[in-house]
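A short write-up of the structure that comes next.
The values are calculated or read from the model by the stated rules, or taken from the named source; none is laboratory data. As the structure is a computational prediction, the values presented were derived from the model and not from experiment. Every residue, glycine as well, gets a Cβ built from its backbone with ideal geometry; the counts of neighbours run over all protein chains shown. Just the protein is used for accessible areas: all its heavy atoms, side chains included, with ligands, DNA and RNA removed. Shrake-Rupley method; radii C 1.70, N 1.55, O 1.52, S 1.80 Å.
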Amino acid sequence: MNTNTKKILVINSGSSSIKFKLYEDKKAVASGVIEKIGEHTSKIELKDLISDKVEKRDEPVPNHQAGINVISEFFQDSGILESLEDLDGCGHRVVHGGKNLTEPCLIDTNILKEIRRVGVIAPLHNPAHLVGIKAMISAAPEVPNVAVFDTAFHSSMPNYAYMYALPYEFYEKEGIRKYGFHGTSHSYVSKKAAEFLGIDYDKFNAISAHLGNGASICAIENGRSVDTSMGFTPLEGLMMGTRCGDIDPAIISHLARISDYNTEELDAIMNKRSGFLGVCGYNDLRDVDTQIQSGNEKAKLALDMYIYRLAKYIGSYFSILPRTDALIFTAGVGENSDLVRKLVCNKLSHLGFDIDEGINEGLRGKLSLISKESSKVKILIVPTDEELEIANITTSLINNA
Ligand code: AMP
């Protein structure tokens with residue numbers, strides 16, 4: 001048992017990318033991303049966070065194994081780490097744990113099999129994570145690997161919250177139910193918020209709004225997720241940068257009937273061509289904002305829809321929680337957009353969400369209380385840090401192994 005764990009690598013591998021961050025005693029010392037793996041030319045960006053040196057280059061990286069080698073060489077060349085074997089552990093972000101992998105765990109052959117099996121319902125993510133995990137295992141066979149699932153935090157949802165009102169056999173045979181995502185972020189920011197407010201986490205009730213390019217909201221009761229807006233896939237729920245969120249499911253069968261779109265195309269429309277992008281042609285809120293300033297009415301409509309839908313979700317979670325201690329804003333939009341925070345809280349002021357507009361204005365990416373003294377619900381900005389949470393979980397799992 002190693003009780004003095006120091007060096008933890010966090011890996012998030014996609015089908016053609018690897019993102020990584022290296023921690024030494026919880027401090028990030030290096031990070032980077034390799035994109036377009038397997039293409040003619042790949043994009044490599046490597047950062048030494050101690051010396052602030054950034055290395056960018058374009059060169060072919062044929063597969064994930066070669067990507068791990070690029071990272072290993074970078075660690076050696078910059079003197080950060082002599083060998084990947086010197087790591088105390090490696091934490092992997094895994095999007096879907098399915099209904100069996102409900103907690104982070106040390107990876108062994110059974111866990112690999114289960115991640116692969118769950119790939120049927122997460123085809124864009126789990127197979128890509130497996131490739132990254134296997135590349136790491138083969139580069140440093142002695143280093144323990146940990147899987148941290150985006151779905152795990154939501155495994156505490158009651159059955160009446162996670163079931164869809166479809167024939168029961170779809171749940172039994174195909175595993176069709178709400179799983180929820182962004183769990184690592186919701187868990188991290190809600191723990192931080194409870195600590196900041198001096199409330200015991202197991203007595204803490206909150207609504208956590210992770211508003212990034214992807215967005216989800218979570219109702220937390222006594223430190224446990226009891227409902228969340230994303231569902232069987234990360235498409236359900238809030239309106240997002242390019243995803244539609246909640247729609248009438250019959251729209252899809254209608255489109256399939258009246259057009260030539262096949263299943264893949266319909267999936268792509270809902271995931272990549274909808275949301276802010278679909279309504280106004282811009283998916284980044286900063287661009288939407290600029291467009292609104294110059295009188296673009298579709299951009300204004302898109303923002304109005306976003307705020308309205310967000311307020312409806314917060315209101316519905318407020319109604320199912322017996323008490324709401326805090327509303328938490330996090331991720332790109334939640335941490336940076338004082339406009340979104342102001343507009344949504346103003347819609348909810350009658351429920352006791354009383355934002356201090358003076359404090360809120362201009363605040364970015366800083367853990368802060370932004371509600372008035374008199375506000376019934378505390379409103380906070382809590383910067384998320386999913387990689388640090390994965391590093392922390394990895395450290396505690398290997399310390400306890
Ligand atoms: P994330 O997925 O958490 O990285 O969030 C990315 C999104 O955050 C971007 O697409 C923007 O819409 C939004 N964002 C980032 N910075 C700002 C900002 N300063 N103001 C408004 N929105 C921002």
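Worth a mention:
- Spin-label proximity, Ala401 to segment 137-157 - amide N less than 15 Å from point 7 Å beyond Cα toward beta carbon: 137-148
- Area of Tyr308 that stays accessible when all protein chains are in place (1.4 Å probe, Å², to 10): 120 Å²
- Modelled label reach - Leu197, point 7 Å along Cα→Cβ, segment 221-256 residues with backbone N closer than 17 Å: 221-227
- Unit charges at the beta carbon, dipole of the chain: most positive-side option, Cys105, Ser15, Tyr164: Tyr164
- Only lysines eight or more places from Lys347 in sequence, or on another chain, were considered; those with a Cα closer than 23 Å are Lys298, Lys300, Lys312, Lys372, Lys376, Lys378.
- Multiplying the residue separation of Met163 and Asn213 by 0.36 nm and removing their Cα-Cα distance gives an extension gain of 15.4 nm.
- When you filter the GluC sites (Glu not before Pro) in segment 38-124 for DSSP loop state and at most 10 other Cβ atoms inside 10 Å of their Cβ, you are left with Glu82.
- Rg and Dmax of the chain, based on Cα coordinates, read 21.5, 63 Å.
- With Cα atoms defining each centre, segment 206-222 and segment 1-71 are spaced 28 Å apart in the structure.
- Look at the dipole of segment 261-357 built from charges on Cβ: of Ile292, Phe318, Leu277, the Cα furthest out on the positive end belongs to Phe318.
- Placing unit charges on the Cβ atoms only, positive for Lys and Arg and negative for Asp and Glu, gives segment 16-81 a dipole magnitude near 220 debye about its Cα centre.
- On a per residue basis, the convex hull of the C-alpha atoms belonging to segment 116-160 measures out at 92 Å³.
- Segment 274-342 - Rg over Rh from alpha carbon coordinates, Kirkwood radius: 1.04
- Segment 190-242: equivalent-ellipsoid semi-axes (sqrt of 5 x gyration tensor eigenvalues, Cα, Å): 24, 12, 6
- Carbon plus sulfur fraction of accessible area for the chain, probe 1.4 Å, in percent: 49 percent
- Per residue, segment 4-135 exposes 49 Å² of solvent-accessible protein surface, assessed with a 1.4 angstrom probe and all protein chains in place.
- Dividing the helix sum by the residues of the chain, where each DSSP H run of 4 or more adds -39500 (n - 2.57), gives a mean residue ellipticity at 222 nm of -11500 deg cm²/dmol.
- Under 5 Å from the amide H of Thr228 lie the amide H atoms of Ala219, each residue being 5 or more positions distant or on a separate chain, with H modelled from the backbone and absent for Pro and chain starts.
- The HN-Hα couplings worked out from phi for segment 31-46 by the Karplus form 6.51 cos²θ - 1.76 cosθ + 1.60 (θ = phi - 60°) are 8, x, 8, 10, 10, 6, 4, x, 8, 3, 10, 9, 9, 10, 9, 10 Hz, whole numbers, x standing for Gly and Pro.
- Restraint check, Lys99/Lys134; Lys99/Lys191; Lys6/Lys99, Cα-Cα greater than 28 Å: Lys6/Lys99
- As an equivalent ellipsoid, segment 306-401 spans semi-axes of 28, 16, 13 angstrom, where each value is the square root of five times an eigenvalue of the C-alpha gyration tensor, largest first.
- Evaluated with a Cβ-only charge set (Lys, Arg +1; Asp, Glu -1), the chain carries a dipole of roughly 760 debye about its Cα centre, given to the nearest 20.
- Cross-link reach list, aspartates and glutamates versus Lys203, counting only Cα pairs under 17 Å and skipping chain neighbours closer than eight places: Glu195, Glu221, Asp227, Asp325
- In a DSSP loop and with at most 13 other Cβ atoms within 10 Å, there are no trypsin sites (Lys or Arg not before Pro) in segment 223-282.
- In order along segment 340-352, the Karplus-derived 3J(HN,Hα) couplings, from 6.51 cos²θ - 1.76 cosθ + 1.60 at θ = phi - 60°, round to 4, 4, 5, 4, 6, 5, 5, 5, 10, 4, 5, 8, x Hz, and Gly and Pro are given as x.
- With DNA, RNA and ligands ignored, accessible area of Ile393 (1.4 Å probe; Å², nearest 10): 30 Å²
- Annotation: amide H of His92 within the under-5 Å range of Ile11, Val146, Ala147, Val148, sequence separation 5 or more or interchain, hydrogens built in the peptide plane.
- ³J(HN,Hα) computed for each position of segment 53-61 - Karplus, 6.51 cos²θ - 1.76 cosθ + 1.60, integer Hz, glycine/proline x: 7, 10, 10, 10, 8, 10, 7, x, 10
- Scattering curve values for segment 18-73, log₁₀ I(q)/I(0), Debye with Cα scatterers, q = 0.22 Å⁻¹: -0.79
- Heavy-atom accessible area order for Ile121, Ile217, largest first, 1.4 Å probe: Ile121, Ile217
- Using a probe of 1.4 Å, the accessible surface attributed to Arg323 totals some 110 Å² when neighbouring protein chains are kept in position.
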